[in-house]
Amino acid sequence: MVNNVFLSMIQYFGTDTKRINHALKVYGFATTLLVSENITGKLKECIDYAAILHDIGIHEAERKYQSTSGKYQEIEGPAIATKILKDCGITDEIIDRVCFLIGNHHSYQKIDGMDFQILVEADFLVNIHEDEMKKSSIESIRNNYFKTITGKRIIDSLYLVV
């Protein structure tokens with residue numbers, strides 16, 4: 001099923017390799033985090049799909065609002081993700097949670113579970129590099145939003161080496 005969701009995401013983004021590569025990197029970090037946290041079953045499934053599709057609303061955000069702002073991605077993403085996930089045969093229970101994650105993945109005050117936490121950490125690990133964030137911003141992100149031991153180890157190793 002994960003493979004079908006990946007292929008659907010790639011087809012949806014078409015030639016937008018920047019967005020495809022971003023999703024692949026977030027999925028990679030999310031996989032590392034969920035394995036380290038011993039997450040399996042439905043929770044793993046939600047993380048997998050949310051990591052792949054978390055920014056799926058970005059094209060619609062650009063089209064409707066002329067912006068890639070996270071709030072617009074959160075508005076537009078769930079409907080697109082629902083269609084992709086239904087077409088891939090994913091259960092409604094999983095779709096509902098994945099769409100909640102996609103619809104809130106920039107609303108950090110709403111983190112309500114390990115699946116959400118891992119998605120946020122994985123996305124930050126990629127965005128820090130892609131957005132060329134300053135060390136002070138990285139330290140603030142680590143201190144305020146990273147909760148997993150593995151996530152803290154990775155952010156320290158990649159970006160906060162003294």
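Coordinate-derived values only; no laboratory data. From a predicted model like this one, the values you see are computed outputs, not experimental measurements. Cβ coordinates were reconstructed from backbone atoms using ideal geometry, including for glycine residues, and neighbour counts include every protein chain displayed.
Work out the charge dipole of the chain with +1 on the Cβ of Lys and Arg and -1 on the Cβ of Asp and Glu about the Cα centre, then indicate which of I75, C88, F146 is farthest towards its positive end.
F146
What's the angle, to the nearest 10 degrees (0 to 90), between helix 70-87's Cα axis and the longest principal axis of the chain?
Here the helix axis deviates by roughly 50 degrees.
Among V120, V2, which comes first, second and so on when ranked by fewest other beta-carbon atoms within 10 Å?
In increasing order of surrounding Cβ atoms, one gets V2, V120.
Please give the helix 2-13 orientation as an angle from the longest Cα principal axis of the chain, in degrees from 0 to 90, rounded to the nearest 10.
Compared with the principal axis, the helix lies near 80 degrees.
For I111, I58, which order do you get if you count the other beta carbons within 10 Å of each Cβ and list the fewest first?
I111, I58
What angle, in degrees between 0 and 90 and rounded to the nearest 10, separates the Cα long axis of helix 114-130 from the longest principal axis of the Cα atoms of the chain?
Tilt of helix 114-130: around 70 degrees.
Using a 7 Å offset from the Cα along the Cα-to-Cβ direction at both T68 and D112, what is the distance between the two label points in nm, to one decimal?
Placing both labels 7 Å along Cα→Cβ, they lie 2.9 nm apart.
Are there GluC sites (Glu not before Pro) in segment 56-162 that DSSP marks as loop and that have at most 16 other Cβ atoms within 10 Å, and which are they?
Hits after loop and neighbour filter: E132.
Return C99, C46 ranked ascending by Cβ neighbour count within 10 Å, so the fewest neighbours appear first.
C99, C46
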